[in-house]
Ligand code: TYC
């Protein structure tokens, strides 16, 4: 038999596995003041949802307190959450996002 076969396997086993990038959930939180239309617009513009999906997610946040609006690599998740909160503040709304590990 070929003595090199075992060597290849040993190398294969020793090679460190590349971890998949960890993913983070972006949650949208309910509040009593942000208009429903504004939340739908945010979900369309920042999370690439159509009107129907954006409306469903907005209503889920409204009735359940929070809902996931997207799952992304950490830097993208943090950037989206920051952009949403900044956009809400520019429009005088208290809308909040949270990011946590998926
Ligand atoms: N609760 C808000 C209202 O009744 C609507 C709302 C939905 C606000 C989702 C925030 O993330 C939110 N106007």
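Out of all the residues in the range 35-51, which are farther than 16 Å from residue 81 by Cα and within 12 Å of the ligand (Cβ to nearest atom)?
Once the filter is applied, which keeps residues that are farther than 16 Å from residue 81 by Cα and within 12 Å of the ligand (Cβ to nearest atom), the range 35-51 yields 35, 36, 37.
Just for the range 52-78: of the residues that are within 14 Å of the chain's Cα centre (by Cα) and within 16 Å of the ligand (Cβ to nearest atom), which one is nearest to residue 32 (Cα to Cα)? The qualifying residue nearest to residue 32 (Cα to Cα) is 66.
Screening residue 81 with (1) within 11 Å of the ligand (Cβ to nearest atom); (2) in contact with a strand residue (DSSP E or B) (Cβ under 9 Å, 6 or more places away or on another chain) gives one miss only, at (1).
Rule-based calculations on the coordinates, nothing more; no lab input. Since this is a predicted model, take the numbers as computed values, not measurements. Glycine gets a Cβ as well: all are built from the backbone with ideal geometry, and neighbour counts include every protein chain shown.
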